[in-house]
Every structure is written in structure tokens, then in C-alpha cells.
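The values are calculated or read from the model by the stated rules, or taken from the named source; none is laboratory data. Values in this document were obtained by computation on a predicted structure and should not be read as measured data. Please note: Cβ atoms are built from the backbone with ideal geometry, for glycine as well, and neighbour counts cover all protein chains shown.
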Amino acid sequence: MTISSPILSWQETPQTQQVLWRSENGTPPPKKLILADDTLTADQAYRLAAEGCGLLWQGDFHNARQLLQAMARRCDRPVKKPRKVTEPVTDPARLFHLHRQAQSQRARILAMVLIPLNADYTIPLKRAPDVLGACHEVYGAAVGTGSILSLRELQSLIGAHEWRKKGVPIPALSAHIHPHYGVFSPMRGEYIELVANAPLPSTSLAFDIGTGSGVIAAVLAARGVRQIVATDTDARALRCARENLAQLGYADQVTLINADLFPEGRAPLIVCNPPWIPARPSSPIEHAIYDPDSRMLRGFLDGLATHLEPGGEGWLLLSDIAQHLGLRGQADLPEWIDQGGLRVLGSIDIKPQHPKTSDQTDPLHAARAAEITTLWRLAIKN
């Protein structure tokens, strides 16, 4: 079998098969491919996947899901300790990088279970679900040819489709935000609570930098800010925000712009919730969590003074988890604020309440348990 990205080709009697390869996170197709069905054991599948062999599923769809779960359990088995006694890893940064490596390896292995998709987004397998709506939201109109994608990606599409229908409850809005596939979901509500309760310096105009789902712009609009300019560089995020703001009735108050950080002009209030962890993302949605070299954070602090009106405030929403992970020094943020010609007017803290803060089996539990999320009120130096 040969594979030529983005086309997968293999010999199957009586002719060669060719289909498109789909991967929203840019993962290349596997270099080796075999046809697999219900006779394949989990141990065999795990071994083949670990060797980089794609398993194009031909059997029952529900059995493919069960196989994937069994492979995941094998990925999560504790690694056998070497006979030689070694010192346990205690450095937070080292623990974080080892955790990321393990996550990446796990994702690579589990992505090797592949599902065929017809041109009309039907799955030619027994007991396959209807994924037309989920595929149409992500891939758009059918392209007239079949394709292959990993079962894990298909599950992500289905999950995103359900969240988009169901929505995420936002108490500050007494309504729901409906995230799209690839757009960060506002599941952690503490930063939203901070925006909903901090004293507003003005209700005339605000900039929302990196709007994502549009939730911060919506909260500002609900608080009476008359005009909001919200920016993002991701087309999916802008579509998602536009849809959410329209559903909430705030479309006339919010202008959405494709811009890297700031729009033109100045505002008396500028809000930014950048990614909190300075590390490299491994998929598009992780850009909302990981910010290599703190690019967005530093860009916001470097440009804030030139976009704030005199007497205005910049609100920086930031967790200190990077400090607890050893990825950012305690003095870095104060230094970057000072270098940006800014001063701190005050800060408001809140403790996260998500389940991982109490999960002692999480390798990063110590950092998560100590984490604080802060709204920094920044102003131009006098």
C-alpha cells in the first residue's frame, strides 16, 4: 500500500482505492495502512498503532469504539519501573513536559484507528451513527468524493456538534454560549465571573482582544457597554462569536474584526484573556490554552498603552498556573507590565473550581490545586 498525502491509496481487489485524508489538526496520514475488522484484538491493534500503522476499519462501528477504549486503557497503564532505582521527578517544569509528551504519544497511537466516510458524509459501516450535521459544520458541503479520518477526530466532531446544540450555561448572561468545533469552550467560568463583577471604568466603548466564542464581549454588552470591538484571527472563532452574539441580541453592540490583537484606535476599556501556558500547542484548539513564548500575552502588554484612552483601564485575565509549573518566573509578569509603560491599579483574584483541582491522580495536581486566576487592572504610567 502507498499513501500520498492528502490522498490515501491502497490495493483492494479488484482495483486500487483512493480517498481524501482529513485531519483538522494537520496530522499527516500514516505511512502504513492495513484493513482491520472485528477479528483484530486490542493487543494487536495497540502494537500496530504504536508502530505507526493506520487501521482502516471495515467492521462494526460500535466495535471500533470499544477497540479504541481498550487501546486507551493500554496507553494509560502505568509504565513498569526499571530495576535500577531512580530519583522521582519533582521539578514542575519537567513534570509538565513529561505529561505533554505522554499526552502526545497517547494521541498519536489512538489516532491510528481510521474510519471511512462516504462523499455524502455517511459512514459505510454497520451500526454507524448519523454524522451529517457534525461533518457539515466542520467540513462544509460534501466535496463529491470519499474520505478517511481518525475515529478520535470523528468523535471530536460529534462531541462539538452536541455542545453546539446544547450550549454552555453562562450564569452572568442567564443564557448559553454555543461553541463551534475548534473554538475554545468557556467551560471554566471563573474568568467570566471576574469580568461580570469588576467595576467598569466606562460604558462607552470596549475592545475584546481574542474574542473566541464571544463570551466576554457578550458579558460586557450585558453590563451596558454601548459599543464593543472584538478581534480574533481565527475565522471559525469569528463565525462562532457572530452567531452567539446574534442569538443573545447583542449583534448591534459588537463589531467583529479579523485582527491580530488590537483594532485601530483607542478605548477606555480593553479586555484580554490570553492563553495561560507558555508552551507549543499541538492542535488548533490548543492555541486558546498554549501561547509559545507568551507571544499573545507580551503583545497585549506591549501594545496596550498605545490603545488605551487617557484614564482608561486594560483588564488582563490570567491564571498563575504557568508559575506553579515552572514555565514562567514570578518576576516576569511585573517586568513585562513595567516594560509596556503600564502600572497596576489593582487586581481581583478567584480560585478555580474545576474538577482537576481536587484530582490527586492528575500529574499536574499540585500546580492546579495552587492556581489562582486574576483580573489585573492596568493603566498607563503617569
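Numbers below:
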| item | result |
| --- | --- |
| Tabulated pairs, the range 85-113, first modelled with pLDDT under 90, second surrounded by 15 or more Cβ atoms within 10 Å (Cβ to Cβ) and assigned to a helix (DSSP H, G or I), C-beta under 7 angstrom, 6+ apart or interchain | Val89/Leu95; Pro92/His324; Pro92/Ala367 |
| Some residue of the range 143-151 being surrounded by fewer than 16 Cβ atoms within 10 Å (Cβ to Cβ), touching a residue at least 24 places away in the same chain (Cβ under 8 Å) and in contact with a strand residue (DSSP E or B) (Cβ under 9 Å, 6 or more places away or on another chain) | yes |
| Qualifying position, being assigned by TED's automatic domain parsing to the domain that holds Asp208, surrounded by fewer than 16 Cβ atoms within 10 Å (Cβ to Cβ), more than 30 Å from Glu24 (Cα to Cα) and not hydroxyl-bearing (Ser, Thr, Tyr), among Gly311, Gly303, Gly340 | Gly311 |
| Scope the range 13-33; condition modelled with pLDDT under 85, surrounded by 12 or more Cβ atoms within 10 Å (Cβ to Cβ) and in a strand (DSSP E or B); matching residues | Gln17, Gln18, Val19 |
| Top-ranked residue in the range 300-344 [being among the hydrophobic types (A, V, I, L, M, F, W, C) and in a loop (DSSP other than H, G, I, E, B); ranked as nearest to Ala267 (Cα to Cα)] | Ala331 |
| Candidate set: the range 275-299, residues that are of a type in the set (Gly, Ala, Ser) and in a helix (DSSP H, G or I); chosen: the one surrounded by the fewest Cβ atoms within 10 Å (Cβ to Cβ) | Gly299 |
| Residue in the range 151-165 that is more than 30 Å from Gly249 (Cβ to Cβ) and in contact with a Ser or Thr (Cβ under 7 Å, 6 or more places away or on another chain) present | yes |
| Residue, nearest to the chain's Cα centre (by Cα), within the range 141-196, restricted to residues that are farther than 30 Å from Ser347 by Cβ and of a type in the set (S, T, N, Q) | Ser156 |
| Residue in the range 361-374 that is more than 16 Å from Pro92 (Cβ to Cβ), out of contact with any Ser or Thr (no Cβ under 9 Å at 6 or more places or on another chain), at pLDDT below 95 and assigned by TED's automatic domain parsing to the domain that holds Asp260 present | yes |
| Single residue of Leu40, Leu56 found to be part of a loop (DSSP other than H, G, I, E, B), surrounded by 15 or more Cβ atoms within 10 Å (Cβ to Cβ) and aliphatic (A, V, I, L, M) | Leu40 |
| Matching helices (runs of 4 or more DSSP H) fully within the range 120-214 where at least 3 residues are touching a Cys at 6+ places or on another chain (Cβ under 8 Å) and in the same structural domain as Ala36 (by TED's automatic domain parsing) | none |
| Test: residue in the range 306-323 that is farther than 25 Å from Asn382 by Cβ and free of Cβ contacts under 8 Å to residues at least 24 places away in the same chain | yes |
| Number of the condition not met by Leu114 [criteria: (1) surrounded by 13 or more Cβ atoms within 10 Å (Cβ to Cβ); (2) more than 25 Å from Leu48 (Cα to Cα)] | (2) |
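Here is a yes/no grid of residues against (1) among the aliphatic types (A, V, I, L, M); (2) farther than 27 Å from His287 by Cα; (3) assigned by TED's automatic domain parsing to the domain that holds Val183:
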| position | (1), (2), (3) |
| --- | --- |
| Gln18 | no, yes, no |
| Trp21 | no, no, no |
| Lys32 | no, yes, no |
| Leu35 | yes, yes, no |
| Leu40 | yes, yes, no |
| Ala45 | yes, yes, no |
| Trp57 | no, yes, no |
| Phe61 | no, yes, no |
| Arg65 | no, yes, no |
